[in-house]
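Input: a single structure, listed below in structure tokens.
What follows is calculated from the coordinates using simple rules that are stated; it is not laboratory data. This one's a predicted model, so the numbers in the text were calculated from it and none came from an experiment. All Cβ positions, even for glycine, are placed from backbone atoms using ideal geometry, and neighbour counts span all protein chains on display.
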Amino acid sequence: MTDLIVILVAVTVVSLVAIVGILFVGLKEAFLGRILMALVGFASGSLIGGAFFHLLPEALEETGQGIWQHVVMGIVFFFIMEKFLYWRHCHDGKCPVHIFAYLNLIGDGMHNLADGMVIAASFLTSFTLGLATTLAVILHEIPQEIGDFGVLLYGGFERKRALTYNFMSALTAVAGSLITYYLASHIHGVEQFLVPFAAGGFIYIAATDLMPELHKRTQVKESLIQLVTILTGIGLMLTLKILLG
């Protein structure tokens, strides 16, 4: 029961990140762009550090060498999920904005469901792993939720409605955590599959979603800032590993 309480607190905190978008409404586009690029760099470094310093070592310690197929499955799953949810109905690039806004909500909900499952599996493995995973997810969610909130506003949603829908989408993380907790209570070894699976997901998100965004800005100063934020995110995960074990 203690594990469940900790898991629910963690995913609730992650879900609350959905309201952060409203704080950035009204900022000048250029300034917001610089903030987002810094957050994206920090998030990508945190996900990489979370995968290689926490999730993969923990999975290797728990199950040995037979984890790599699960890592690959995580990468492939996140690719398929993105491909299906974001592009299946808008493959020609002419999807009406309001339809894209709803598709974005569905995709974000599925993504948050997976986040909740990952967080629960991590806490069921160890508290330290759960803490590191939750932090990495939060750092990834901040720029994502800002972008999602902007998509809903652009799609014609009123600010209050956009905030409500975005938060409801984020609450699927709670459902994901409960599903994993239930499965782990009835099926032995579920978390041993989900931890390396999550590592694959973290690597995929950092390498194919976040870092390509950074490559869109090529000025030397911006590139240096990106490098610093990536290394800071990696350093944060390494520091957690050293301090918490």
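Things to note:
- Entries in Lys28/Lys160; Lys160/Lys241; Lys28/Lys241 that, when Cα-Cα distance is taken, lie over 31 Å: Lys160/Lys241; Lys28/Lys241
- Extension gain, Tyr102 to Glu29: 0.36 nm times the residue separation minus the Cα-Cα distance gives 23.9 nm.
- Note on the chain: GNM, Cα springs under 10 Å; of Asp115, Asp209, Asp148, the largest mean-square fluctuation is that of Asp209.
- Span-like helix criteria (full DSSP H runs; alpha carbon extent of at least 15 Å along the helix axis; mean Kyte-Doolittle hydropathy of at least -1.0) are satisfied in the chain by 2-16, 29-49, 68-87, 97-125, 127-154, 159-170, 172-186, 190-204, 220-244.
- Taking the number of Cβ atoms within 10 Å of each Cβ as an exposure proxy, the fewest-first ranking of Ile205, Ile179 is Ile179, Ile205.
- Percent of Cα pairs exceeding the 24 Å cut-off, where the set is the chain: 45
- Sites Lys160 and Lys216, calculated FRET efficiency, Cβ-Cβ separation with R0 35 Å, nearest 0.05: 0.65
- Most fluctuating residue given options Gly201, Gly233, Gly155, as computed from a GNM of the chain linking Cα atoms under 10 Å: Gly155
- Under 13 Å, Cβ to Cβ, from Val195 - net charge with Lys/Arg +1 and Asp/Glu -1: -4
- Separation of the Thr2 and Ile179 label points, Cα + 7 Å toward Cβ, nm: 2.9
- Rg/Rg_ref, segment 162-225, where Rg_ref = 2.2 N^0.38 Å and atoms are Cα: 1.66
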